[in-house]
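Structure first, commentary second.
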């Protein structure tokens, strides 16, 4: 998805902590709006179930597509698409720039959860608070507007 003119196209990834702990990150391409999702484990079932719950909280108009890397955690992407009506696309191998907004956001998330941090004690409300901070942080790429401002009132801050 090269065109950022239409909201509802997302990039996704997992942020890994120590001891097999993970957070899923979803970033809306136009606004850079962030949704963070607590994961119990990295299995495709757990990841797909958590993503389904998160995406179902979004307004239908914001559910057009999701671009993911080639990780096995989204092997059951068809289940996700049937449950959410969000089409899933995969990046080419070794091509993280195809999810540039997500890669940048993961870097911002590391300010809160440094590489190697144990994410097992992190709660969904804590992730929602971090997402709110990121969504209300002005971004140079948005002409110093915030992701929340760009997206408008289409989505709640703790989607």
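Full extension of the chain between residue 72 and residue 104 yields a length gain of 9.3 nm, computed as 0.36 nm times the residue separation minus the alpha carbon distance. Segment residue 132..residue 60, full-extension length gain: 23.9 nm, with 0.36 nm per residue of separation and the alpha-carbon distance subtracted.
For the chain, the mean residue ellipticity at 222 nm estimated from helices alone is -8500 deg cm²/dmol, where every DSSP H run of n ≥ 4 contributes -39500 (n - 2.57) and the total is divided by all residues, rounded to the nearest 500. Counted residue by residue at 0.36 nm each, then reduced by the alpha carbon distance between them, the extension gain from residue 52 to residue 121 reaches 22.6 nm. Going by neighbour counts of Cβ atoms within 10 Å, the residues 18, 31 line up, fewest first, as 18, 31. Each of 74, 142 was scored by other Cβ atoms within 10 Å of its Cβ. Listed from fewest to most, they are 142, 74. Anisotropy class assigned to the chain is rounded, per the alpha carbon gyration tensor with a/c under the 1.5 cut-off.
Legend: ranking of residues 33, 80, 90 from fewest to most surrounding C-beta atoms inside 10 Å; resulting order 90, 80, 33.
Readers should treat all values here as calculations from the given coordinates under stated rules, not as data from a laboratory. Keep in mind the model is a prediction, meaning the values are calculated, not measured. Note that each Cβ is placed from the backbone with ideal geometry, even for glycine, and that neighbours are counted across all protein chains shown.
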